[in-house]
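The values are calculated or read from the model by the stated rules, or taken from the named source; none is laboratory data. All figures in this text were calculated on a predicted structure; none of them were measured in a lab. Glycine also receives a Cβ, built like all others from the backbone with ideal geometry; neighbour counts cover every protein chain displayed. Note: accessible area is taken over every heavy atom of the protein model, side chains too, but ligands, DNA and RNA are not part of it. Shrake-Rupley method; radii C 1.70, N 1.55, O 1.52, S 1.80 Å.
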Amino acid sequence: MINPDPILESDLDAYVDNRLAPGARIRVESHLSKNPAEAARIMADLEIRSTLRIAIGEHDAPHRAETREAARRLESNLSMRRTWATLQRIAAIGILVTTGWVASSQIGPFNATAVNASVHAPAYVEEAIRAHNTSLLRASMTSQREAPGYDAEDIRAATAIVMPKLPGNWKVADVQIFPSDFGPSVEMAIAVEGGGQLSLFAVRPGFFAVENVTDVNLSDAEAAYWQIGEVAYALVSSVPDATLAAEARDLSKTLY
């Protein structure tokens, strides 16, 4: 059956420009949740637009007049996404370098990766760490039975959360459903080689995004978190500096 109301490129442009009514935004976000590659492209455009708006004058830092004017011209032409995508990213990064705002960031090819110390983890990461600590507590109590039975399709049907495919050498020790502000969340305790225990947490945080893996070290834990569409994930260890980012990236790739 042909969709009577398809999402057009003009709809995506309007979404980036924040010119859609709430109902239309939901329709576009639903479309993007089913098209990860297109969603990643749109999120990149949103990042560029935010960067340009900062460059244009939302901060008090002085800018050269020609830099501000270049930013205005680039913002006005952002809808020419496919033709000028690479040039836009070069220009956006160039503006940041000129004003000295990326002195603490590591610049990769057309990408900026934030230093761990400057990352403020989203609220769901705190939920993931609390769930991880609860899982450790349950494991230490003889009166609390673990539930190692893991059925990814059952979890998906009950919670609308798609779980990543686990490596073959990871053993599920316990799976629990926890409440959250936007519906149920999933906490999975995983036994790994060497006797360690990780937790894989998944939740619907209440907003749509496509975020790459970010690693954050706290005083008593490490978490590597990411988001694909309407579901966010966090891989947690109670051992700081456990270097979870590589494992988290491998997990995220199984979701596409």
When a/c reaches 1.5 or more, the comparison of a/b and b/c decides; with that in mind, is the stretch 123-254 rounded, prolate or oblate per its Cα gyration tensor? rounded
Could you tell me what percent of the accessible area of the stretch 154-256 is made up of carbon and sulfur, with a 1.4 Å probe and every protein chain present? 51 percent
Label A21 and Y150 with points 7 Å out from Cα along Cα→Cβ: what is the distance between them in nm? 4.5 nm
Can you tell me which of 25-35, 206-216, 149-159, 180-190 comes out highest on packing, and rank the rest after it, using the mean Cβ neighbours within 10 Å? 180-190, 206-216, 25-35, 149-159
A160 versus T243, label points 7 Å from Cα toward the beta carbon: distance in nm? 3.9 nm
Kindly state, to the nearest 0.05, the FRET efficiency for A37 paired with M141, given R0 = 35 Å and r defined as their beta-carbon distance. 0.20
So, with +1 on the Cβ of K and R and -1 on the Cβ of D and E, and no other charges, what is the size of the charge dipole of the stretch 9-54 about its Cα centre, to the nearest 20 debye? 140 debye
